[in-house]
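The values are calculated or read from the model by the stated rules, or taken from the named source; none is laboratory data. Values in this document were obtained by computation on a predicted structure and should not be read as measured data. So basically every Cβ, Gly included, is an ideal-geometry build from the backbone, and we count neighbours across all protein chains shown. Please note that ligands, DNA and RNA were not included when accessible areas were found on the heavy atoms of the full protein model with its side chains. Shrake-Rupley method; radii C 1.70, N 1.55, O 1.52, S 1.80 Å.
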Amino acid sequence: MAFSDDDQDTTFEQIYRCYPVSFIEKSNLEKGDKIIMPPSALDRLASLHIDYPMLFQLSNPSAGKVTHCGVLEFVSDEGMIYIPYWMMENMLLQEGDTVCVRNTSLAKGTYVKLQPHTKDFLDITNPKAILETSLRNYSCLTTGDTIMVAYNSKKYYIDIVETKPSPAVSIIETDCEVDFAAPLDYKEPEKPAPCALSKRKHSEVEDDEPPTTKVPQFSPFTGSGRRLDGKPSSSTQSADQTSSPNKKQKQSNDETEGSDSKSLNTTSRRHSGKLVFGSNAAKFDTQRPLPKASENITKQDSSQKQEAPKFQAFTGKKYSLNS
């Protein structure tokens, strides 16, 4: 290749054959972006005026793929480099394919947007802390690359969606804001159909509504009444009893006179009926006279007392003191 004098002082560019780092038993390099280069590359770089730390651009012209990386050692065989296998996959390289290596200088990153391939990466207790620890093995990030983060014997692949301030940035000794996009396998929960949702809400409302049938309310002093003597009761008889006290008195006298003959009948009828209310009725004694009759007798006694002759002054037998 032909370079100008200025380019010869600052540019390193060489074509190498690439192989995975597992070929030299350095599988630990799969957790970062460091490559192994031959000693001749170090001699050439030492004679140039380049920026440190050393960063390189890897390109595969046949596939149009470009990425960036750092260097760990210069111990490989001449004409060969060893790179992480995930980088070979990003660049569509096979074992023994040629790759162009060129030194570069990158701005320090201020913002990185990442997208995990699987949502189980977000199930880790603190994914940002794990990512921060893993990215310490990386020198730079390139938009469009897919990096690998190993945690608990499991590999997580993450896409570099966006980097700022440029498509490729350096992440060495820099504070970088990290943002996450939704995982590739994430699916939003399906929303129920509007018709089904409205029907379900309507059914729930109907279930919550109280029954339309009216509950009967308690109405005091209603229904049929029963007499303690077993005789049928009627509204006309009660009206007559309340309007004419003489009928009540006559009825009570008749009941008193025939109480002996009717005691058995009243007892049997009383037990066949049902007492609706009244505490005195539950304690009723069949051998005692009816309450109504006793009340009428009391009234008669009181009337007789009222009819007794009143005291009259200066009446009666006369007596003389000389007798």
Being touching a strand residue (DSSP E or B) at 6+ places or on another chain (Cβ under 6 Å) and open to solvent by 30 Å² or more (accessible area, probe 1.4 Å) is the requirement here; does I15 meet it?
yes
Within the range 33-58, track down each residue that is assigned to a loop (DSSP other than H, G, I, E, B) and farther than 20 Å from P20 by Cβ.
S47, L48, H49, I50, D51, Y52, P53, M54
For the list (1) closer than 25 Å to R136 by Cα; (2) crowded, with 16+ Cβ neighbours inside 10 Å, I need the number of the one condition that M80 fails.
(1)
Tally up the residues in the range 15-62 that are among the hydrophobic types (A, V, I, L, M, F, W, C) and under 30 Å from Y151 (Cβ atoms), please.
12
Looking at V66, V21, V71, which one is open to solvent by less than 10 Å² (accessible area, probe 1.4 Å) and of a type in the set (A, V, I, L, M)?
V21
Does at least one position in the range 163-175 carry a residue that is in contact with a Leu (Cβ under 8 Å, 6 or more places away or on another chain), more than 18 Å from A129 (Cα to Cα) and aliphatic (A, V, I, L, M)?
yes
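For the range 123-132, enumerate the residues that are in contact with a strand residue (DSSP E or B) (Cβ under 9 Å, 6 or more places away or on another chain) and open to solvent by 70 Å² or more (accessible area, probe 1.4 Å).
K128, E132 - these are the residues of the range 123-132 that are in contact with a strand residue (DSSP E or B) (Cβ under 9 Å, 6 or more places away or on another chain) and open to solvent by 70 Å² or more (accessible area, probe 1.4 Å).
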So which of P53, P84 ends up being touching a Pro at 6+ places or on another chain (Cβ under 9 Å) and in contact (Cβ under 8 Å) with a residue 12 or more places away in the chain?
P84
For the range 137-161, name all the residues that are charged (D, E, K, R) and surrounded by 15 or more Cβ atoms within 10 Å (Cβ to Cβ).
D145, D159
